[in-house]
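Chemist: There's a structure below that I have some questions on.
The values are calculated or read from the model by the stated rules, or taken from the named source; none is laboratory data. Everything numeric in this text was worked out from a predicted model, so none of it was measured. Please note: Cβ atoms are built from the backbone with ideal geometry, for glycine as well, and neighbour counts cover all protein chains shown.
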Amino acid sequence: MEIRKDFRLARLIQKYLEFDKERVKKAAVTLLFLLKLNNLTGERLGYPSSLTYLLMFINYCQSCHILPNMQKHPQPKDKDKDPLYL
């Protein structure tokens, strides 16, 4: 069951990063690069994981109305025709 949950989370993050490639994906990659460069990631060191920072970044983009909240997207009847269906 955990694998299915992790797979769904990975697909959701991928959809968010592909939603606005010019701004969001580049900013997310830059943020994670700077965090790793300054050793600010890693649970062993007492910092949040890269995934946690990425989720916080996505949440911030949603609060600024850069990204939509796709978890509230209604489930379509035809799953193959809707690009936002997870």
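Chemist: Find the residue count for the stretch 27-39, including only residues that are in a loop (DSSP other than H, G, I, E, B) and either among the charged types (D, E, K, R) or within 14 Å of ILE66 (Cβ to Cβ) (or both).
Modeler: 0
Chemist: So, of the residues in the stretch 26-62 that are surrounded by 12 or more Cβ atoms within 10 Å (Cβ to Cβ) and charged (D, E, K, R), which turns out to be nearest to LEU12 (Cα to Cα)?
Modeler: LYS26
Chemist: Six or more apart or on different chains, Cβ atoms under 6 Å: show the pairs whose first residue is in the stretch 41-52 and without any contact (Cβ under 8 Å) to a residue 24 or more places away in the chain and whose second is among the aliphatic types (A, V, I, L, M) and assigned to a loop (DSSP other than H, G, I, E, B).
Modeler: Partner pairs satisfying both residue conditions: TYR47/LEU40.
Chemist: Filtering the stretch 3-25 down to residues that are acidic (Asp, Glu) and either in contact with a Leu (Cβ under 9 Å, 6 or more places away or on another chain) or under 18 Å from ASN59 (Cβ atoms) (or both), which residue is surrounded by the fewest Cβ atoms within 10 Å (Cβ to Cβ)?
Modeler: Step one: of the stretch 3-25, the residues acidic (Asp, Glu) are 6, 18, 20, 22.
Narrowing further to those that are either in contact with a Leu (Cβ under 9 Å, 6 or more places away or on another chain) or under 18 Å from ASN59 (Cβ atoms) (or both): 18, 20.
Details: GLU18: 11, ASP20: 15.
Here the answer is GLU18.
Rundown of residues vs (1) modelled with pLDDT of 90 or more; (2) aromatic (Phe, Trp, Tyr); (3) in a helix (DSSP H, G or I), yes/no style:
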{"position": "LYS5", "(1), (2), (3)": "no, no, yes"}
{"position": "ALA10", "(1), (2), (3)": "no, no, yes"}
{"position": "GLU18", "(1), (2), (3)": "no, no, yes"}
{"position": "LYS25", "(1), (2), (3)": "yes, no, yes"}
{"position": "THR41", "(1), (2), (3)": "yes, no, no"}
{"position": "TYR53", "(1), (2), (3)": "yes, yes, yes"}
{"position": "MET56", "(1), (2), (3)": "yes, no, yes"}
{"position": "GLN71", "(1), (2), (3)": "no, no, yes"}
